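*Asks:* Let me begin by handing over the structure; questions about it come next.
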Amino acid sequence: MAPYTLPDLPYDYSALEPAISGQILELHHGKHHAAYVAGANSTSEQIAQARETGQFGTLVGLEKTLAFNLSGHVLHSIFWNNLSPDGGDLPDGELAAAIDEHFGSFDAFKGQLTAATVSVQGSGWGVLAWEPLAGRLIVEQVYDHHGNVGMGTTPLLVFDAWEHAYYLQYRNVRPDYVTHLWDIVNWADVRQRFATARS
Ligand code: MN
C-alpha cells in the first residue's frame, strides 16, 4: 500500500491565470508533483526491502532520494493551497501582527521573501516558516526541496522557484513570476497554518 498520494488541486488548472498559465499548472501538478509522490513511494518500498533483507549497502542514497521526493511532495501540497484565484490582498489579525513584530513591517517581510525566492541559486523555494524554539516567524531559502532548512521549522507560505514553475510563461525573468505570485496568495490558508503551527 503506497503511503503517499497526489492530492487534487483545490481549483481548475486555468484558475490562477494570468499569474500562472493553465499549461504550467497542469504540467506542474500532473507531472512534476506526481513524480515526487511516485518517487517517495518507490523509495519507501526500496528502503523496506533493504530492511527485510538486511542489505543496507544502498541506504545512504535511498535516504537522500526519500528526503528529496518526500519534501517535494510536502512543499507542493502546501503550495497549491497557499494560492487561490481569490487571493492577494494582505494578511490580517494575529498573522499580520506577527509579521509586523518579527519583520518590522509587511513590506519588509515581502521584500525579504521576494529576495529569498528570486535569488535561489539553481532550484529551490522561498519559505515563510514558524520557528518554534524562539517562537518567531522566519524566512528560509530552501535548496532543491530539502536543503538549507532549520530543523523543526514549519512552512506556512512557500514560493516555488524551480524553473518548471514559471519558465514556459516568464522564461528567464523569475522576478516577474514572483511579483505575480503575491497577487494570488491565499492568506486565509496561511493564517490557518500559522494558528496550527503555534498551538
Ligand atoms: Mn515545483
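Where a number appears in this text, it was derived from the coordinates with a stated rule and is not lab data. Just so it is clear, the structure is predicted and the values come from calculations on it, not from any experiment. Heads up, the Cβs are rebuilt from the backbone with ideal geometry, glycines too, and the neighbour counts pull from every protein chain shown.
*Asks:* Could you tell me which of rounded, prolate or oblate describes segment 22-82, using a ≥ b ≥ c as the square roots of the eigenvalues of the alpha-carbon gyration tensor, with rounded for a/c under 1.5 and, failing that, prolate when a/b is larger than b/c and oblate otherwise?
*Replies:* On the way: a/c = 3.59, a/b = 2.83, b/c = 1.27.
Prolate.
*Asks:* Now for a separate question. If you line up the Cα atoms of segment 93-134 on their principal axes, what length do they span on each, largest first, in Å?
*Replies:* 34, 24, 15
*Asks:* Roughly what would the spin-label model give for VAL60 and GLU26, points 7 Å off Cα along C-beta, in nm?
*Replies:* Here the answer is 4.3 nm between the modelled labels.
*Asks:* For the chain, what does the relative contact order come out to in percent, with C-alpha contacts under 8 Å and a separation of six or more?
*Replies:* Details: 277 pairs, mean separation 48.1, N = 199.
Computed over the chain, the figure is 24 percent.
*Asks:* Mind checking the full-extension length gain between GLN192 and GLU45? Use 0.36 nm per residue of separation minus the Cα-Cα distance, one decimal, nm. Display every interim value, and only then the final one.
*Replies:* Values: separation 147, 0.36 × 147 = 52.92 nm, distance 3.33 nm.
So the extension gain works out to 49.6 nm.
*Asks:* Between MET1 and HIS164, what is the FRET efficiency for a Förster distance of 22 Å, r being their Cβ-Cβ separation, to the nearest 0.05?
*Replies:* Numbers: r = 29 Å, r/R0 = 1.32.
Once rounded, the FRET efficiency stands at 0.15.
*Asks:* Express the relative contact order of segment 1-54 as a whole percentage, based on alpha carbon pairs under 8 Å and six or more residues apart in sequence.
*Replies:* On the way: 23 pairs, mean separation 20.0, N = 54.
Computed over segment 1-54, the figure is 37 percent.
*Asks:* Determine the calculated [θ] at 222 nm for the chain from helices alone, applying -39500 (n - 2.57) to every DSSP H run no shorter than 4 residues and normalising by the residue count; nearest 500 deg cm²/dmol. Don't jump to the answer; show the numbers that get you there.
*Replies:* On the way: 8 runs with 98 residues, N = 199.
The helix contribution divided over the chain gives -15500 deg cm²/dmol.
*Asks:* On to the next question. State whether segment 93-198 is rounded, prolate or oblate according to the following rule on the C-alpha gyration tensor (a ≥ b ≥ c being the square roots of its eigenvalues): a/c under 1.5 gives rounded; otherwise a/b larger than b/c gives prolate, and the remaining case gives oblate.
*Replies:* Values: a/c = 1.99, a/b = 1.49, b/c = 1.33.
Judged from the Cα gyration tensor, segment 93-198 comes out prolate (a/c at least 1.5, a/b above b/c).
*Asks:* Grab the beta carbon distance between ASP144 and GLU94, set R0 = 35 Å, and tell me the FRET efficiency rounded to 0.05. Walk me through the intermediate numbers first.
*Replies:* Values: r = 32 Å, r/R0 = 0.91.
Once the sixth-power term is evaluated, E becomes 0.65.
*Asks:* Less than 14 Å from a label point 7 Å out along the Cα-to-Cβ axis of ASP176: which backbone N atoms in segment 4-47 qualify, by residue?
*Replies:* Of the residues in segment 4-47, 18-21 have backbone N under 14 Å from the label point off ASP176.
*Asks:* Here's another thing I want to ask about it. Normalised by the residues of segment 22-82, what does the relative contact order come to in percent, with Cα pairs under 8 Å and at least six apart? Write out the running numbers ahead of the final one.
*Replies:* Details: 28 pairs, mean separation 27.3, N = 61.
Averaging sequence separation for qualifying contacts and normalising by length gives 45 percent for segment 22-82.
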